[in-house]
Amino acid sequence: MLRRIETARSRGLDISATAYPYARAFNGLVACLPTWVQEGGTEKMLSQLKDPAQRERIRKEMDDPNVTWENQWHGSGGPGGVTLVSVLNPDLRQYQGLTLAEIGRRMGKDPRDAAMDIVIADRGESSAVIAIMTEDNVRAVIIHPLVSFGSDSEAQAEDGPLSEAMAHPRAFGTFPRVLAKYVREEHVLTLEEAIRKMTSLPANRVGLTDRGIIRPGMMADVTIFNPATIQDIATFTEPLRYSVGVRYVFVNGRPVVRDGKITDERPGRPLRGPGFAGTQPSP
């Protein structure tokens, strides 16, 4: 993929990439099923999953390494590499945090059937962590100069409504993990380059001209951290954990983190890139 991006840029295409520093993905559980299952919409998908003949075909394809679709079930090593982390149906919450191998044992059925039955019960809304990457590939991607960092995650929290579902640890640890693992421990990135990939590089890519660096006239979005102690502590088994080592965070000049504690300040606002007409909304 990196070679394809470099080749495209050599032809004049302005393209880059973003990544998070983990060797597992977060995807809908339906991504473990053949792609043809989803064709035609939710109702058709559910109908096919309830059809015995179609289920047999799905089971065979899930274990087939030679199918033409991206086989995330086989690519993760099977049911032990797929962990259910988020559901909408409250009846399924008892399975959150378990692998499909464990869920299959609890249900007393083939893990492939367990996966299909969860998709049916949650109407395709369940999400899973899937072990389909390698650490060597992650490292190669994140040190590439064209790649910026992003959590690829929606907002979550340790408590309150945003804590009701489990998460991929990237929601809590992406940026501290880069600074702790790849800068401080492995020395594959300099501190300055890592910060650039978190700030000015992504800001420039999406056309935010008043953020990304510190200088007069820019918005005062500032993070102050201790490079010797910053550390992600969210894990795949306990993902809802804030990182440590961040002392202050200012958003639009107001402290949302002070002395390592989240404050009651809420100065954030939606940001509009250059493709949107009109002015920025008021703070």
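The values are calculated or read from the model by the stated rules, or taken from the named source; none is laboratory data. Small disclaimer: the values here were computed from a predicted structure and weren't measured. Neighbour counts are summed over all protein chains in view; Cβ atoms, including those assigned to glycine, are modelled from backbone coordinates with ideal geometry.
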Lone qualifier among ILE213, ILE195 - being part of a helix (DSSP H, G or I) and free of Cβ contacts under 8 Å to residues at least 40 places away in the same chain: ILE195
Looking only at the range 181-207, and only at residues there that are buried (at least 16 other Cβ atoms within 10 Å of the Cβ), charged (D, E, K, R) and more than 30 Å from PRO274 (Cα to Cα), the one that is farthest from the chain's Cα centre (by Cα): ARG184
Qualifying residue in the range 41-62 (condition: under 25 Å from the mean Cα position of the chain (by Cα), polar (S, T, N, Q) and closer than 23 Å to THR99 by Cα): no
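Out of contact with any Pro (no Cβ under 9 Å at 6 or more places or on another chain), basic (Lys, Arg), at pLDDT 95 or above and under 21 Å from ILE130 (Cα atoms), is that true of LYS60? Break it down stepwise before answering.
Values: out of contact with any Pro (no Cβ under 9 Å at 6 or more places or on another chain): yes; basic (Lys, Arg): yes; at pLDDT 95 or above: yes; under 21 Å from ILE130 (Cα atoms): yes.
Spelling it out, LYS60 is indeed out of contact with any Pro (no Cβ under 9 Å at 6 or more places or on another chain), basic (Lys, Arg), at pLDDT 95 or above and under 21 Å from ILE130 (Cα atoms).
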THR83 out of contact with any helix residue (DSSP H, G or I) (no Cβ under 7 Å at 6 or more places or on another chain), in contact (Cβ under 8 Å) with a residue 40 or more places away in the chain and buried (at least 17 other Cβ atoms within 10 Å of the Cβ): yes
Checklist (1) modelled with pLDDT of 95 or more; (2) over 20 Å from GLU164 (Cα atoms); (3) part of a loop (DSSP other than H, G, I, E, B) applied to GLY80, failing item: (3)
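Taking the range 152-163 as the region of interest, how many residues are assigned to a helix (DSSP H, G or I) and either touching a residue at least 60 places away in the same chain (Cβ under 8 Å) or among the basic types (Lys, Arg) (or both)? Spell out the reasoning first.
Applying the first criterion (assigned to a helix (DSSP H, G or I)) to the range 152-163 yields 161-163.
Cutting the leftovers down to either touching a residue at least 60 places away in the same chain (Cβ under 8 Å) or among the basic types (Lys, Arg) (or both) gives us 163.
Result for the range 152-163: 1.
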Positions within the range 164-182 being of a type outside the set (D, E, K, R), part of a helix (DSSP H, G or I) and closer than 16 Å to VAL244 by Cα, in sequence order: ALA171, PHE172, GLY173, THR174, PHE175, PRO176, VAL178, LEU179, ALA180
Any pair with Cβ under 6 angstrom, 6 or more apart, that starts in the range 164-190 at a residue that is outside the structural domain of LEU98 (by TED's automatic domain parsing) and ends at one that is part of a helix (DSSP H, G or I) and among the hydroxyl-bearing types (Ser, Thr, Tyr): VAL188/TYR182; LEU189/TYR182
Matching entry among ARG241, ARG247 (being touching a helix residue (DSSP H, G or I) at 6+ places or on another chain (Cβ under 7 Å) and either outside the structural domain of ALA25 (by TED's automatic domain parsing) or part of a strand (DSSP E or B) (or both)): ARG241
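Residues are listed down the side, and each one gets a yes or a no for (1) under 15 Å from VAL85 (Cα atoms); (2) surrounded by 18 or more Cβ atoms within 10 Å (Cβ to Cβ):
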| position | (1), (2) |
| --- | --- |
| ILE142 | no, yes |
| PRO145 | no, no |
| SER151 | no, yes |
| GLN156 | yes, yes |
| PRO161 | no, no |
| ALA167 | yes, yes |
| LEU179 | no, yes |
Residues within the range 131-151 that are under 18 Å from ALA171 (Cβ atoms) and either touching a Leu at 6+ places or on another chain (Cβ under 9 Å) or part of a loop (DSSP other than H, G, I, E, B) (or both), tallied: 7
